[in-house]
Every structure is written in structure tokens, then in C-alpha cells.
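J.: Sharing a structure, written as C-alpha cells. Questions coming.
Please treat every number below as a calculation from the coordinates, not as lab data. Note that the structure is a prediction, hence the values are computed from the model and not measured. Here the Cβ positions follow ideal geometry from the backbone for every residue, glycine too, while neighbour counts run over all protein chains shown.
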Amino acid sequence: MAYLNPGAGAAREGRQTAAVPNTAAATAAAAAGATPTKAEYDTLLADVNALRTKLNALLAAMRTSGQLAP
């Protein structure tokens, strides 16, 4: 059964969120030593930024479909 928002009535029933593709595989690996290198840090930062972008896309799609408040 689809979620029905009583305030919006049947207009929201059964609406789907637009597809958001899966994130790519993580590229970061465990640090080679006790202290991560700049390259290791930059790789991890790139992965975190990619996840943030995907999360924001998913939230935007959910707001557009009416699953989340704007």
C-alpha cells in the first residue's frame, strides 16, 4: 500500500522518487602507515564528497516526489 499523506490527499498516493544511481565503489584503502599520506587523505576526501553528492541527489528526488518536506 502506498503512503497517503492526509494533508495532500490522493495526489501523493503511489508517487515514486526519481531514480538515483548507486555510488561507485570506494577508492580509499587503509593507510599504509601510522599516519595517512596526502594522497590517501585526498582519496578518502573524494569518496566522502561523492557520497555527499549522491545523498543530496537522493534527498532532492525525495522532496520532488513529495516524500520529504521541501
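J.: Once you list every other residue whose beta carbon is under 11 Å from the beta carbon of LEU45, what net charge do they have if Lys and Arg are +1 and Asp and Glu are -1?
T.: That sum, taken over residues with Cβ under 11 Å, equals -1.
J.: Hey, another quick one. Tally Lys/Arg at +1 and Asp/Glu at -1 over every other residue whose Cβ is under 12 Å from the Cβ of ALA28; what's the total?
T.: Values: positive: none; negative: GLU40, ASP42, ASP47.
Residues near ALA28 contribute -3 overall.
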